[in-house]
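Everything on this sheet refers to the single structure shown next.
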Amino acid sequence: MIKAFRFGLVMPGGSRIVIDLVKPARVDKAFVMDPGEGTPARLVLDLAVTDRDSFLRKVASDQRSAQTPPPPREPQSSNGDARPVIVLDPGHGGIDTGTKGPNGQIEEKDIVLDFAKRLQEKIETLGKYRVLLTRSDDTFVPLAERVRFAREADAALFISIHADSLPKREGDTQGATVYTLSETATDPAAARLAEQENRADVIAGVDLKDQPDDVASILIDLAQRETKTFSLQFAHKLVSTIKRTTRLHKEPIKSAGFRVLRAPDVPSVLVELGYVSNKEDLQSLASDSWRDRTADAMASAIDGYFSTRLAGTRTGAK
Ligand SMILES: [Zn+2]
């Protein structure tokens, strides 16, 4: 009845176990046995086979009575600090590992967290920006929560950081790619990638019904169009700057429907640093000096982007 299971931290002090079923099942009994006589505490679950209709009915009623999630993390207040806020978003975390190297020895969630911290340090050194991270440890953060965090922080730029992987049969692609949001993907590979990244919530068992695609309805307004322009401007700046130090994908700028890029008022990009499925990329991704060089280049791209933006504002051409 059980295909696979996994577990991990979803919040400080809270873990989650996800069990993938082969066919519909219901929880017959669930209880905890206290530790004793050299045995640890035990969680006991009795599953029983059920039919599809009863399964769906039970899921619907469980969702209605489900508790509300814990209060989300609030961005630290600016305390009168007027510098632009940059939100860095290391992908995945906790139960959601993201992609993995060939022997499973290196996980996307760890690569991108380390990279985001280095990048934070490099940007902070410039002294001109406040930098906030959507997660600074191995915790799972739902996609909508990442978007909300950036909006609440009044971010001037949001950068989601990931590392891609391709199955062998799809060739041996390499290099970094910068993605912006669009309803229609540039190509099937970009669409598939967005779908894969959007699965983060499903992996951790987040109830998507509680997270309406609020942004879709506001997409049309002007603010959104301006945000889109800024996102693209930054994507181009980023690519033209990091290409001096970092290997890029042959089409380094693409777009697709990434949930995490849906803040209507925050210019947002998603950077895939490289492919863990490619030998050379994997070597780079695992290397301290590569991470440092690339973070350096990204910090200078960010600074370049804000310099032109602020200069533009002064002359009245926003
Ligand atoms: Zn990812």
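The values are calculated or read from the model by the stated rules, or taken from the named source; none is laboratory data. Keep in mind that what you see is a predicted model, and the values were worked out from it rather than measured. So basically every Cβ, Gly included, is an ideal-geometry build from the backbone, and we count neighbours across all protein chains shown.
Values for this structure:
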{"read-out": "Selection status of Asp34, over 23 Å from Val147 (Cα atoms), more than 30 Å from the chain's Cα centre (by Cα) and either at pLDDT 90 or above or assigned by TED's automatic domain parsing to the domain that holds Val147 (or both)", "value": "no"}
{"read-out": "Residues located in segment 222-256, provided they are assigned to a helix (DSSP H, G or I), surrounded by fewer than 20 Cβ atoms within 10 Å (Cβ to Cβ) and charged (D, E, K, R)", "value": "Arg225, Glu226, Lys228"}
{"read-out": "Among residues of segment 167-202, those that are within 13 Å of the ligand (Cβ to nearest atom) and assigned to a loop (DSSP other than H, G, I, E, B), counted", "value": "1"}
{"read-out": "Tally of residues being away from the ligand (no atom under 16 Å from the Cβ), surrounded by 17 or more Cβ atoms within 10 Å (Cβ to Cβ) and not aliphatic (A, V, I, L, M) across segment 128-137", "value": "2"}
{"read-out": "Among residues of segment 141-166, those that are touching a strand residue (DSSP E or B) at 6+ places or on another chain (Cβ under 9 Å), within 16 Å of the ligand (Cβ to nearest atom) and assigned to a helix (DSSP H, G or I), counted", "value": "2"}
{"read-out": "Qualifying residue in segment 107-127 (condition: touching a residue at least 40 places away in the same chain (Cβ under 8 Å), surrounded by fewer than 23 Cβ atoms within 10 Å (Cβ to Cβ), assigned to a loop (DSSP other than H, G, I, E, B) and out of contact with any Cys (no Cβ under 6 Å at 6 or more places or on another chain))", "value": "no"}
{"read-out": "Residue that is modelled with pLDDT of 85 or more, small (Gly, Ala, Ser), farther than 19 Å from His162 by Cβ and surrounded by fewer than 17 Cβ atoms within 10 Å (Cβ to Cβ), where the choices are Ala60, Ala66, Ala48", "value": "Ala48"}
